[in-house]
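Trainee: Please find one structure pasted underneath; my questions will follow.
What follows draws every value from the coordinates through simple rules; no lab data is involved. The model shown is predicted, which means the values in this text are computed figures rather than measured ones. Cβ sites come from the backbone with ideal geometry, for glycine too, and all protein chains shown count toward neighbours.
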Amino acid sequence: MPRGARIDSADAVHHIMARGIERKQIFDVDADRDHFLHRLGDILLDTGTTCFAWSLMPNHFHLLCRMGREPISTVMRRLLTGYAVWYNRSRDRHGHLFQNRFKSILCQADAYLLRLVRYIHLNPLRAGLARDMDELDMYPYSGHGTLMGLMNHSWQETAEVLRLFGNRPASARRAYRIFMNEGIQQGRERDLAGGGLIRSAGGWEAIKRHREEGNYQRSDERILGDAGFVTQVLAHSKETIRKSDALRSAGVDLNQIASRVSDLMGISIEDVWAAGKQQHIVNARSLLCFWAVRELGVSMAGLGRTMGLSLPAISKSVVRGREIAESNGFRLIGS
């Protein structure tokens with residue numbers, strides 16, 4: 001059985017970071033950064049993902065996002081794979097661009113949102129890419145300028161952040177800038193960096209793995225929040241694990257799912273597994289992908305190897321399969 005999929009949740013807020021392989025640069029010139037931002041904006045709008053803060057550094061980037069219609073793994077796969085392919089082609093380069101998988105931490109938004117916005121937006125200043133707040137205001141590769149009303153990125157959520165500083169945009173921006181200056185004077189906030197954001201790896205999937213191993217520490221580095229919030233997250237993780245475990249205990253595997261799809265779609269099991277572009281085969285395979293990933297907990301990478309499909313193809317099939325299941329009232333177990 002392929003390894004379990006990352007657990008995710010709609011409306012969850014994640015601090016995400018991806019770094020270049022061997023800490024090498026992923027942005028060489030402004031054209032790279034501009035292309036990345038264009039791609040990021042398209043993906044955020046397409047997936048209904050909200051971005052509160054972001055910054056591009058020479059060898060890594062930060063995002064603070066609330067997930068929408070698609071899980072974090074799908075959003076980041078599209079972003080990282082798409083940019084890496086473009087970057088390599090533009091340089092006749094081959095090989096990996098990013099170091100391993102992206103890192104993420106689930107955040108308690110009401111307690112940490114503003115501090116995280118500040119933490120991310122101060123990165124260029126702390127790295128010497130901007131010398132002071134005046135230069136940071138005009139730095140084009142951070143979300144700070146957009147919050148200040150000096151840059152325009154339609155995909156960045158500014159109103160929700162500014163409302164936390166006041167009802168009027170002008171006074172809210174002044175208060176936000178004071179808040180940023182206070183962050184400079186305070187120095188690095190170690191509870192956001194050293195033990196939480198920078199070293200946290202694996203996101204939801206790691207939470208699931210620790211939960212399966214019986215490790216329920218409320219100080220889990222992959223979650224930023226108070227004890228109640230962490231407990232709630234782990235409870236959600238446990239509930240999801242129980243569902244997939246129950247299916248496996250009942251003997252449900254990929255072959256059982258294929259058989260169920262065969263019955264519902266009125267085609268042979270051979271056709272469910274067959275490669276082809278005929279619509280009935282595409283629909284059947286999509287339904288199989290959806291149930292395998294979302295119900296049984298099979299990873300997209302593992303399922304892709306089993307079915308001979310790429311990760312983007314599996315991702316699209318899962319979305320299509322969900323639509324087929326919902327529109328027809330199909331259930332994996334039951335009538």
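Trainee: Would you mind putting 288-299, 32-43 in packing order, based on average other-beta-carbon counts within 10 Å, highest first?
Mentor: Peptide ranking by packing, descending: 288-299, 32-43.
Trainee: At a 10 angstrom cut-off on C-beta neighbours, averaged per residue, how do the peptides 267-274, 13-20 rank from highest to lowest?
Mentor: Packing proxy ranking, top to bottom: 13-20, 267-274.
Trainee: Just flag the trypsin sites (Lys or Arg not before Pro) in segment 86-164 sitting in loop per DSSP whose Cβ has no more than 12 other Cβ atoms within 10 Å.
Mentor: Passing both the DSSP loop test and the Cβ count: ARG93, ARG131, ARG163.
Trainee: Using the Karplus curve 6.51 cos²θ - 1.76 cosθ + 1.60 with θ = phi - 60°, what ³J(HN,Hα) values do you get for each residue of segment 305-319, in whole Hz, with x for Gly and Pro?
Mentor: Computed from phi, the couplings for segment 305-319 are 5, 5, 9, x, 10, 6, 4, x, 5, 5, 4, 5, 5, 5, 5 Hz.
Trainee: Another question, if that's okay. Can you work out ³J(HN,Hα) from phi for every residue in segment 152-158, in order, using Karplus 6.51 cos²θ - 1.76 cosθ + 1.60 and θ = phi - 60°, giving whole Hz and x for Gly and Pro?
Mentor: Working through the residues one at a time gives 9, 10, 5, 7, 8, 7, 10 Hz.
Trainee: Further question: Give me a comma-separated list of calculated 3J(HN,Hα) values for segment 130-147, in order, Karplus coefficients 6.51, -1.76, 1.60 applied at θ = phi - 60°, integers in Hz, x for any Gly or Pro.
Mentor: 10, 7, 8, 5, 4, 6, 5, 3, 9, 5, x, 10, 8, x, 4, x, 5, 5
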